[in-house]
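Okay, so here's the structure we're looking at.
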Amino acid sequence: MQRRLYDRFAVCVPIDYVVLSDGIRFETAKFRRGETKDVSIGGLCIATVESLKPGSIVNVRISLISGTEVPSGVARVLRSVPCEPSCHWSWMLGCRFEAVDSLLSGFLAGEELPTIAG
């Protein structure tokens, strides 16, 4: 049985993710859309239309508010389970953060995100 080190909080926000694998350049990778279901400093649950294999590495960008810098991080998929039939998503991905940028770290710690001037 796996135990979480950090409490997760129900937060539903749009998220873009891309699977990082050998031979794919990050700059040209196609991001896919999902939605967070819960987040913590240690990881997150992403609702998606596709299943990913446990062990897959994904780069995630949390889309919060237009005009702000985008918090991002790298996470490892720990599990992929089908959603309930009433959900408009098909899969839930349980992920553990491997690395997060300072914006995502601050967001997870409850800090306000800076906006981009202009």
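A few comments on the model shown:
- The lone exception for Thr48 - which of (1) surrounded by 17 or more Cβ atoms within 10 Å (Cβ to Cβ); (2) modelled with pLDDT under 80 it fails: (2)
- Exactly one residue out of Val77, Val81 is loosely packed, with under 12 Cβ neighbours inside 10 Å and part of a strand (DSSP E or B), and it is Val81.
- Scope segment 1-43; condition modelled with pLDDT of 85 or more and either among the acidic types (Asp, Glu) or not in a strand (DSSP E or B) (or both); matching residues: Cys12, Val13, Asp16, Phe31, Glu35, Asp38, Ser40, Ile41, Gly42
- Beta carbons closer than 8 Å, at least 6 apart along the sequence or on distinct chains, pair a first residue in segment 1-22 that is within 15 Å of Ala47 (Cβ to Cβ) and of a type in the set (Ser, Thr, Tyr) with a second that is modelled with pLDDT under 90 and part of a loop (DSSP other than H, G, I, E, B) for Tyr17/Phe31.
The values are calculated or read from the model by the stated rules, or taken from the named source; none is laboratory data. These figures come from a predicted structure and were not determined experimentally. Note: ideal-geometry Cβ built from the backbone for every residue, glycine included; neighbour counts use all protein chains shown.
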